[in-house]
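*Asks:* Have a look at the structure that comes next, please.
The values are calculated or read from the model by the stated rules, or taken from the named source; none is laboratory data. Since the structure is predicted, the reported quantities are computational estimates derived from the model, not experimental observations. Neighbour counts run over all protein chains shown; Cβ positions are idealised from the backbone, glycine included.
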Amino acid sequence: MMKNLIYNISKKIYSPDIKIRMFKTTIILFALFPVSIFFINISHTSTVVFLIIIFYILLALLGLNLNRIYHDMLKNQNRYYEAEKKLNIKKKKLTSLLAQAPIGIFYYDTNLRILNYNRLFYEIFGLETNLKGFNLNNLEDKEAVEVMSSVLKNKTSKQYIGSYNFTFQEKIIWAELTCSALLDERGIVTGGIGILVDKTVEHQAFEQINQISLRDSLTGLPNRRSYKNFMIKLIESPKNQTDYSILFYMDLNNFKQINDTFGHFVGDGLLIEVSNRFKSLDIKNSHLSRLGGDEFLLAMPFVSDNKNYTKERAKEIAKYIKKLFLKVFEIEGLELYMTTSIGIVIIEPKTDNIDTIIRQADMAMYQTKKHGQNNISFYNHTLDLEQQELTTLQQDLNHAIGNGDLELYYQPIVDIKDDKLTAVEALIRWNHPEKGLIMPDRFIPMATESGLINRVGWWVADEVCRQLSVWRAKNIINFEYIAININARQLHEVDFSKHIEGCILKYKIDPAMLKLEVTETTLIDSFTKTQKIIKDLKSRGVECNIDDFGTGYSSLSYLKKLSFKVLKVDRFFISEILKNEDDLKLVASIIDIGKQFNYKVIIEGIETLEQKNKILKINDDVCYQGFLCSRAIPALEFEERFLSKLP
């Protein structure tokens with residue numbers, strides 16, 4: 001052991017120069033030895049003196065050489081200590097750097113056992129156990145193990161990003177792992193080094209953002225995107241090959257009117273309460289989502305492999321849904337009543353188109369609205385045919401506006417006492433080249449939904465003004481005005497008042513000859529905006545009438561705020577007045593309201609003399625229109641029957 005120590009020290013201290021000097025010194029010593037022996041045995045004085053001189057010279061050379069050796073040894077020793085000191089400083093810096101590095105670093109041998117690691121590697125896992133000696137082959141994540149072992153085989157670097165499940169600690173982390181092989185001076189792999197960057201917080205934040213993106217911010221329900229993800233899993237499931245599923249499409253009836261009347265705060269509160277009631281259904285494995293606005297979806301996957309049973313189950317759930325709306329909604333001190341229209345699709349096995357499913361449910365829901373709301377409708381293939389027909393009809397209407405296929409019919413409004421003509425209502429008809437005469441209830445809703453209603457509306461306004469100018473030129477106008485129907489979409493179009501005024505100026509007619517009929521629903525829709533438009537029209541000489549009074553949100557407040565002159569009672573109240581005394585009382589009340597506001601009252605839908613006489617008994621200061629007097633007829637026929645040349 002001592003020999004080794006001496007060898008190591010000499011190896012560190014003695015440089016090649018020192019070794020050469022030591023060799024020279026040894027030669028001098030060997031030279032002095034025989035001289036000294038000879039010196040002892042010689043008796044001659046001169047010889048002795050000479051030898052003494054030689055001896056001292058050699059001794060001086062020996063001393064000088066030894067002195068140099070000593071100083072060189074001191075210098076080398078100082079250099080060694082200085083180098084060792086610098087090396088220790090660098091080692092400390094490196095150790096500190098590794099300890100404070102913002103990444104986890106670990107070393108492992110060729111058997112994938114951890115040899116050492118830094119502090120952050122230890123903290124990433126939040127462990128109290130010493131990981132030295134841990135066999136990385138025991139990780140459940142074999143993809144990560146493959147990365148660490150492959151670099152040992154290939155002598156390369158490799159990266160892997162994923163989750164690491166450490167079962168011994170029951171902890172899952174997300175991390176970015178980069179591994180490289182460690183080689184000795186001969187290029188032989190001695191192990192590997194791994195760099196671990198903790199991505200858990202980032203991953204959790206991403207998951208949180210992703211969850212937020214899948215939720216409706218107002219109600220907390222899953223949103224459209226979440227619904228789509230759910231449906232993707234549904235159609236990819238093996239059970240989709242054999243079982244029937246159900247999709248309910250629920251739309252809140254008259255929500256827009258409530259929202260516009262009472263404000264968005266009340267509207268939002270109502271949506272939240274409706275959502276809470278939907279949540280109370282708590283149907284196993286179902287997926288409830290808010291599609292947007294006042295539309296909700298409820299998906300029930302894999303109900304049964306029997307279609308009839310699935311359909312009966314859908315009816316049962318629909319009844320539960322309708323019951324949720326029986327109780328009044330108390331929002332911000334208001335008592336609100338709400339109903340829902342439900343469209344239902346029985347999803348056939350092997351269905352693979354998500355967009356088709358929701359489109360079919362949407363069609364079924366609109367079928368419900370079409371037949372009275374607050375009910376249910378199942379999708380069937382005839383709805384597809386109807387939709388295709390509507391699409392074709394929409395394309396045809398677009399061409400009809402410019403091709404002269406539209407025509408105005410005119411219906412007289414007469415005094416109930418003597419049937420004297422007082423006003424006229426213009427009603428649109430469509431002379432389809434293949435389908436014949438199409439009534440407005442067939443194409444106006446489609447035109448409104450598609451946006452064509454504005455073009456249709458401007459055609460009507462222009463044609464009425466043109467016809468008025470023709471009759472004026474003939475001097476046969478013996479009525480007060482012609483009324484045309486305007487819906488909310490038309491009324492709220494940019495520069496609506498200017499467009500109406502433009503038609504009047506174009507044909508140089510009296511603006512008082514044109515009246516615009518708006519329904520209660522139109523009035524309520526964005527009431528403040530509607531109020532401004534009606535006032536603007538009035539400033540241009542154009543008055544508005546209230547149409548279909550009693551069928552919407554009848555309110556005395558807007559009768560007071562909006563200065564109308566004519567109120568029309570909807571035909572709905574007239575149809576049963578001969579059988580139902582309550583309906584007659586309602587009509588009488590509406591007439592009284594109109595008279596209290598000094599309105600002219602027009603009764604719509606009088607078809608028999610008996611109905612006319614019933615109204616006469618209530619009040620004879622009204623006008624009426626209906627089949628009893630005349631149906632709507634073309635302009636030329638109307639002119640021949642009702643118009644006379646003035647003196």
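*Asks:* Checking the conditions here, which among Ile246, Ile173, Ile258 is in contact (Cβ under 8 Å) with a residue 12 or more places away in the chain, assigned to a helix (DSSP H, G or I), surrounded by 17 or more Cβ atoms within 10 Å (Cβ to Cβ) and not polar (S, T, N, Q)?
*Replies:* Testing whether each residue is in contact (Cβ under 8 Å) with a residue 12 or more places away in the chain, assigned to a helix (DSSP H, G or I), surrounded by 17 or more Cβ atoms within 10 Å (Cβ to Cβ) and not polar (S, T, N, Q) leaves just Ile258.
*Asks:* Oh, and also: Which residue out of Ile482, Ile453 is out of contact with any Asp or Glu (no Cβ under 9 Å at 6 or more places or on another chain) and surrounded by 20 or more Cβ atoms within 10 Å (Cβ to Cβ)?
*Replies:* None of the others qualify; the one that does is Ile453.
*Asks:* Separate question: Kindly indicate whether Val414 is under 22 Å from Ala635 (Cα atoms), surrounded by 15 or more Cβ atoms within 10 Å (Cβ to Cβ), at pLDDT 95 or above and touching a Pro at 6+ places or on another chain (Cβ under 7 Å).
*Replies:* When the stated conditions are applied, Val414 does not pass them.
*Asks:* A further question on this structure: Quick one: would you say Ala423 is in a strand (DSSP E or B) and over 30 Å from Phe230 (Cα atoms)? Explain how you work it out, then say what you get.
*Replies:* Details: in a strand (DSSP E or B): yes; over 30 Å from Phe230 (Cα atoms): yes.
In short, yes.
*Asks:* Taking only pairs six or more apart or across chains, which ones have beta-carbon atoms under 7 Å, a first residue in the range 224-236 that is over 18 Å from Phe302 (Cβ atoms), and a second residue that is polar (S, T, N, Q) and in a helix (DSSP H, G or I)?
*Replies:* Pairs that qualify, where the first residue is over 18 Å from Phe302 (Cβ atoms) and the partner is polar (S, T, N, Q) and in a helix (DSSP H, G or I), are Arg225/Ser213.
*Asks:* Can you name the condition, by its number, that Arg442 falls short on among (1) touching a strand residue (DSSP E or B) at 6+ places or on another chain (Cβ under 9 Å); (2) surrounded by 19 or more Cβ atoms within 10 Å (Cβ to Cβ)?
*Replies:* So Arg442 meets the others, but not (2).
*Asks:* In the range 496-521, how many are of a type in the set (D, E, K, R) and outside any helix (DSSP H, G or I)? First the steps, then the outcome.
*Replies:* Residues of the range 496-521 of a type in the set (D, E, K, R): 498, 501, 506, 508, 510, 515, 517, 520.
After this cut, where a residue has to be outside any helix (DSSP H, G or I) as well, the list is 508, 510, 515, 517.
Result for the range 496-521: 4.
*Asks:* Then there's this: Inspect all residues belonging to the range 166-174 and state whether any of them is at pLDDT 70 or above, closer than 27 Å to Glu207 by Cα and among the charged types (D, E, K, R).
*Replies:* So the first thing to find is which residues in the range 166-174 are at pLDDT 70 or above, and the list is 172-174.
Now drop any that are not closer than 27 Å to Glu207 by Cα, which leaves 172-174.
Add one more test, that the residue is among the charged types (D, E, K, R), and what stays is none.
Within the range 166-174, none of the residues are at pLDDT 70 or above, closer than 27 Å to Glu207 by Cα and among the charged types (D, E, K, R).
*Asks:* Please state which one of Lys322, Lys327 is within 19 Å of Arg290 (Cβ to Cβ), assigned by TED's automatic domain parsing to the domain that holds Ser286 and not hydroxyl-bearing (Ser, Thr, Tyr).
*Replies:* Going through Lys322, Lys327 in turn, just one is within 19 Å of Arg290 (Cβ to Cβ), assigned by TED's automatic domain parsing to the domain that holds Ser286 and not hydroxyl-bearing (Ser, Thr, Tyr): Lys322.
Yes/no per residue for (1) on the phi < 0 side of the Ramachandran plot; (2) at pLDDT 95 or above; (3) polar (S, T, N, Q); (4) over 23 Å from the mean Cα position of the chain (by Cα):
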position: Ser286; (1), (2), (3), (4): yes, no, yes, no
position: Phe296; (1), (2), (3), (4): yes, yes, no, no
position: Ala318; (1), (2), (3), (4): yes, no, no, yes
position: Leu324; (1), (2), (3), (4): yes, no, no, yes
position: Leu334; (1), (2), (3), (4): yes, no, no, yes
position: Tyr337; (1), (2), (3), (4): yes, no, no, yes
position: Pro349; (1), (2), (3), (4): yes, no, no, yes
position: Arg359; (1), (2), (3), (4): yes, no, no, no
position: Met363; (1), (2), (3), (4): yes, no, no, no
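*Asks:* When you look at Leu628, is it in contact (Cβ under 8 Å) with a residue 12 or more places away in the chain, hydrophobic (A, V, I, L, M, F, W, C) and under 14 Å from Val414 (Cβ atoms), yes or no?
*Replies:* Against the criterion (in contact (Cβ under 8 Å) with a residue 12 or more places away in the chain, hydrophobic (A, V, I, L, M, F, W, C) and under 14 Å from Val414 (Cβ atoms)), Leu628 qualifies.
*Asks:* Also: Inside the range 110-139, can you point out the residues that are assigned to a loop (DSSP other than H, G, I, E, B), in contact with a helix residue (DSSP H, G or I) (Cβ under 9 Å, 6 or more places away or on another chain) and under 15 Å from Ile195 (Cα atoms)?
*Replies:* Across the range 110-139, the qualifying residues are Leu112, Asn118.
*Asks:* Sticking with this one: Only one of (1) part of a helix (DSSP H, G or I); (2) buried (at least 16 other Cβ atoms within 10 Å of the Cβ); (3) over 18 Å from the mean Cα position of the chain (by Cα) fails for Phe265. Which number is that?
*Replies:* (2)
*Asks:* Now, a different point. How many residues, within the range 183-232, are closer than 30 Å to Met148 by Cβ and outside any loop (DSSP other than H, G, I, E, B)?
*Replies:* 20
*Asks:* I've got another one for you. Look through the range 331-365, keep the residues that are in contact with a strand residue (DSSP E or B) (Cβ under 8 Å, 6 or more places away or on another chain) and charged (D, E, K, R), and return whichever of them is farthest from Gly267 (Cα to Cα).
*Replies:* Glu348
One line per residue, one yes/no per condition, for (1) outside the structural domain of Gly292 (by TED's automatic domain parsing); (2) in contact (Cβ under 8 Å) with a residue 60 or more places away in the chain:
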residue: Ile342; (1), (2): no, yes
residue: Glu348; (1), (2): no, yes
residue: Ile354; (1), (2): no, yes
residue: Arg359; (1), (2): no, no
residue: Asp362; (1), (2): no, yes
residue: Lys369; (1), (2): no, yes
residue: Asn375; (1), (2): no, no
residue: Leu385; (1), (2): yes, no
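*Asks:* For the range 255-270, which residues satisfy the criterion of being in contact with a Phe, Trp or Tyr (Cβ under 8 Å, 6 or more places away or on another chain) and either at pLDDT 90 or above or under 21 Å from Lys228 (Cβ atoms) (or both)?
*Replies:* Scanning the range 255-270 gives Gly267, Leu270.
*Asks:* So, in the range 370-380, exactly how many residues are in a helix (DSSP H, G or I) and buried (at least 17 other Cβ atoms within 10 Å of the Cβ)?
*Replies:* Going through the range 370-380 one residue at a time, the tally reaches 0.
*Asks:* Pairs under 9 Å by beta carbon, first residue under 24 Å from Val303 (Cβ atoms) in the range 268-284, partner of a type in the set (Ser, Thr, Tyr) and assigned to a helix (DSSP H, G or I), six or more apart or different chains?
*Replies:* Leu281/Tyr320; Ile283/Tyr320
*Asks:* Taking helices (runs of 4 or more DSSP H) that do not extend beyond the range 532-647, which have at least 3 residues that are modelled with pLDDT of 85 or more?
*Replies:* Working: elements: 556-561, 581-596, 609-618, 635-642.
By residue number, 581-596, 609-618, 635-642.
*Asks:* Could you please give the count of residues in the range 614-647 that are within 23 Å of Lys579 (Cα to Cα) and surrounded by 12 or more Cβ atoms within 10 Å (Cβ to Cβ)?
*Replies:* 13
*Asks:* Being over 18 Å from the mean Cα position of the chain (by Cα) and small (Gly, Ala, Ser) is the filter; apply it to the range 220-262 and report the residue that is nearest to Ala314 (Cα to Cα).
*Replies:* Within the range 220-262, the match that is nearest to Ala314 (Cα to Cα) is Ser245.
A quick yes/no check of all residues on (1) at pLDDT 95 or above; (2) within 20 Å of Asp405 (Cβ to Cβ); (3) part of a loop (DSSP other than H, G, I, E, B); (4) hydroxyl-bearing (Ser, Thr, Tyr):
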| residue | (1), (2), (3), (4) |
| --- | --- |
| Thr448 | no, yes, no, yes |
| Asn454 | no, yes, no, no |
| Trp458 | no, yes, no, no |
| Glu463 | yes, yes, no, no |
| Arg466 | yes, yes, no, no |
| Ala473 | no, no, no, no |
| Ile477 | no, no, yes, no |
| Arg489 | no, no, no, no |
| Val494 | no, no, yes, no |
